[in-house]
Amino acid sequence: MVSKKKGDNNSKKGNKRKKKKGGKKLVILLTILFVIAFASSFLYFYLLSFSNNSKIGDGVANVERKETSNDEPVNILVMGVDYGGPYNKNEPKRTDTMILVSYNPKDKKLNMISIPRDTRVRINGKVQKINAAHAIGGPKYSVDSVESLLGIDVHYYAKLDYEGFRKIIDSIGGIEMKIEQDMYYDDDTQDLHIRFKKGEVVHLDGKKAEEFFRWRQNNDGTGLAEGDLGRIKNQHLFISKVIDKFKSPAIITKIPSIMSTLPKYVETNMKPDEIIKYGYSFLRVDQEDMDISTLKGEAKYVGNVSYFLYDEKANKDLVNSLKGITKETQVQREKLKIQVLNCTNKNGLASEYSSRLKSKGYTDVFIGNGDKREKSKIIIKGVDKDLIDSIKKDFKIDKVESSSYKEGDYNITVLLGEDYTK
């Protein structure tokens, strides 16, 4: 009988382990290749479905797309529209919900700011509530109203109605929500019947989510003391739950359903690749870098009409964050003394340019007229070199010259030539 050597046994076991490891690596590699192939195929058909949808892309609703660089915040106005009139669903629709989503790629932070629908603004020179802007002039008027109110650029918009809202919530499988107060409300004209009991945990599918999202008072008049502002707090709670759902591993199996739903129900001037790019960026934001808030102000009657009055001073830091202006940058900009000269025959050029600079945080700006010139340029004196790139970006003029002479003690003189357009 021949005995086997111990070394031979160890060698065979080692070979088996190597084979097993090699097998595992092969399985992992094949899995990765399969996932990449599946994702690529799925992405292709997804982009194709978007490209065939007239509600997706930069030509929608004639809303201007604003330029943004890779390190500047991108602001997206998300609008939920109501059902129109009680008897005719084709009547112009007001916005029931307006949320400004702002993503800063520099610090990877995401802000979601609710704009109360009763916010007092001017539309076509007439005092209105901001939710009327969409009924008057569609998404363009809504975007214009938010830009005028906050003094910012809105780069994109996205709009859906309550049918789309329900479909999207259904596509993610709904959410679990603990009910904090009794909710009993009926509106037969909109076939809306809300029944939630305080303390119960409810699975909100699309239909129930709509009911929760819209509720603000009961049939007997009880409900949220703050009215629409209280309803916004409920909506923020709901949005937080939806974000949690999107960040959970379980969402992976829901991706096909979500992807097939979005093109059918969302209208936006974003291109398909931009939707994917920013959607991916949003999902990567850490919870502590995500903030949900409401514009500061007060609900008040003006005459016999109830409005939300926006407080510009109280919202200064928030608005600066939407422009990508830090407190340090703001201090630097406030120290600069700027002269803007209109060197053309175009009326109002310096005034318009000055207003744009002030919206970016430059406060000490003076305007005048200069000698006629073809090309625009900036002359700087006593400005930190580190600020020059920032100035080029803010001032939108590439030609920058340094000078040892400060006319009128100005740090920056802007000469607007014939090549400059508003």
Considering the range 259-269, residues that are under 15 Å from residue 167 (Cβ atoms) and surrounded by 17 or more Cβ atoms within 10 Å (Cβ to Cβ), and then whichever is modelled with the lowest pLDDT, we arrive at 259
Any residue at all in the range 214-225 that's free of Cβ contacts under 8 Å to residues at least 24 places away in the same chain, part of a strand (DSSP E or B) and farther than 28 Å from residue 322 by Cβ? no
Look at the range 128-160 and say how many of its residues are touching a residue at least 40 places away in the same chain (Cβ under 8 Å), of a type in the set (Val, Ile, Thr) and closer than 22 Å to residue 301 by Cα. 1
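For every residue, the table says whether it meets (1) touching a residue at least 40 places away in the same chain (Cβ under 8 Å); (2) in a helix (DSSP H, G or I); (3) of a type in the set (Asp, Glu); (4) under 30 Å from residue 225 (Cβ atoms).
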| position | (1), (2), (3), (4) |
| --- | --- |
| 239 | yes, yes, no, yes |
| 242 | yes, yes, no, yes |
| 246 | yes, yes, no, no |
| 254 | yes, yes, no, no |
| 274 | yes, yes, yes, no |
| 291 | yes, no, yes, yes |
| 307 | yes, no, no, yes |
Out of the range 63-84, which residues are outside any loop (DSSP other than H, G, I, E, B) and closer than 15 Å to residue 156 by Cβ? 74, 75, 76, 77, 78, 79
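Before we move on, is residue 401 at pLDDT 85 or above, not assigned by TED's automatic domain parsing to the domain that holds residue 68 and not in a strand (DSSP E or B)?
Values: at pLDDT 85 or above: yes; not assigned by TED's automatic domain parsing to the domain that holds residue 68: yes; not in a strand (DSSP E or B): no.
Considered against the rule, which asks whether it is at pLDDT 85 or above, not assigned by TED's automatic domain parsing to the domain that holds residue 68 and not in a strand (DSSP E or B), residue 401 comes out as no.
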Looking only at the range 339-361, which residues are in contact with a strand residue (DSSP E or B) (Cβ under 6 Å, 6 or more places away or on another chain) and part of a loop (DSSP other than H, G, I, E, B)? 343
Filter the range 105-132 for residues that are assigned to a strand (DSSP E or B) and touching an Asp or Glu at 6+ places or on another chain (Cβ under 8 Å); which is farthest from residue 288 (Cα to Cα)? 129
Out of (1) part of a strand (DSSP E or B); (2) surrounded by 14 or more Cβ atoms within 10 Å (Cβ to Cβ), what's the single condition that is false for residue 186? (2)
Within the range 80-94, is even one residue within 16 Å of the chain's Cα centre (by Cα) and either modelled with pLDDT of 95 or more or of a type in the set (Gly, Ala, Ser) (or both)? yes
Hey, any hits in the range 194-204 for a residue that's surrounded by 12 or more Cβ atoms within 10 Å (Cβ to Cβ) and touching a residue at least 40 places away in the same chain (Cβ under 8 Å)? no
Just a yes or no: is a residue in the range 358-370 at positive phi and under 27 Å from the mean Cα position of the chain (by Cα)? yes
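Suppose we keep only residues that are polar (S, T, N, Q) and within 30 Å of residue 316 (Cβ to Cβ) within the range 141-178. Which one would you say is modelled with the lowest pLDDT? Don't jump to the end; show me each part of the working.
As a first pass, look at the range 141-178 and keep what is polar (S, T, N, Q): 142, 145, 148, 171.
After this cut, where a residue has to be within 30 Å of residue 316 (Cβ to Cβ) as well, the list is 142, 145, 148.
Working: 142: 97, 145: 97, 148: 93.
In this case the residue turns out to be 148.
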Could you tell me whether any residue of the range 310-321 is loosely packed, with under 13 Cβ neighbours inside 10 Å and outside the structural domain of residue 74 (by TED's automatic domain parsing)? no
Would you please name the residue that is modelled with the lowest pLDDT, looking only at residues in the range 358-389 that are among the small types (Gly, Ala, Ser), farther than 15 Å from residue 335 by Cα and surrounded by fewer than 17 Cβ atoms within 10 Å (Cβ to Cβ)? 359
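The values are calculated or read from the model by the stated rules, or taken from the named source; none is laboratory data. Small disclaimer: the values here were computed from a predicted structure and weren't measured. As a convention, Cβ positions derive from the backbone with ideal geometry for all residues, glycine included, and neighbour counts pool all protein chains shown.
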